[in-house]
1. Gaussian network model of the chain, Cα springs within a sub-10 Å range: biggest mean-square fluctuation belongs to which of 128, 13, 120?
2. Taking neighbour Cβ counts within 10 Å as the exposure measure, how do 80, 237, 48, 95 sort from fewest upward?
3. In what order do 243, 24 fall by count of nearby beta-carbon atoms within 10 Å, going from fewest to most?
4. Give me 197, 222 ranked fewest to most by other Cβ atoms within 10 Å of their Cβ, as a rough exposure proxy.
5. Write down the radius of gyration of the chain and its Dmax, each obtained from C-alpha positions, in Å.
6. Along the Cα→Cβ direction, 7 angstrom out, place labels at residue 59 and residue 95. What is the inter-label distance in nm?
7. When the helix-only estimate is applied to the chain (DSSP H runs of n ≥ 4, each -39,500 (n - 2.57), divided by the residue count), what is the mean residue ellipticity at 222 nm, nearest 500 deg cm²/dmol?
8. Once you place label points 7 Å from the Cα toward the Cβ at residue 84 and residue 184, how far apart are they in nm?
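What follows draws every value from the coordinates through simple rules; no lab data is involved. Keep in mind that this is a model prediction, so the values were computed, not measured. Neighbour counts run over all protein chains shown; Cβ positions are idealised from the backbone, glycine included.
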């Protein structure tokens, strides 16, 4: 154990702005956020776009998160976003804030919310309002069962959140530019590959030679900055290029 840990002070997080700027994909950002979440004694993280007033589901506004599918599904099914004091506060202020489930109103709905989040170890945490270069607003959250964040930790997490949200926006813009570069035939070949078809089968379907199909798939993989067709399909699915 280090002298810092013996003294009861958390060691400095080893992630930094230079590392965030070098993250290439959403998966890289997710791995970074998992590390940060663990370092700050939390169980969960979420990066979300600020939901418009007409939005009904948190899932459709989430950029990345490690929330379980069960929790997200329950949250949306119960319509909790419409009455969420967190969302209401994010719409009204750009200041970071903490929350504690033990302070939730003990009415029927409040007890249900407290029980739901408590089941997944989300007792307290904080939200950090952010925005990207275009002015689009969002937030980054961290939650767990540990003690409340110190003032120093709040400053560190605010700084981290600003850069993470901005980097995700940059990655999204790069993905859009890449998607625009792919030809219709390359997208067709990726779609059929995603459906489980071989190059020979795709050739029959599209009326091409197998060599031409492989050429399209190899070119698509290079444009998507992936090393093979499997990775190309996975990235194309992630950025919404194919469904």
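1. Among 128, 13, 120, the largest mean-square fluctuation in the Gaussian network model of the chain belongs to 13.
2. By the 10 Å Cβ count, ascending, the order reads 95, 237, 80, 48.
3. Lowest to highest Cβ neighbour count: 243, 24.
4. 222, 197
5. Both quantities, over Cα of the chain: 21.5, 71 Å.
6. Output for this residue pair reads 3.5 nm.
7. Calculated mean residue ellipticity at 222 nm is -16000 deg cm²/dmol.
8. 4.0
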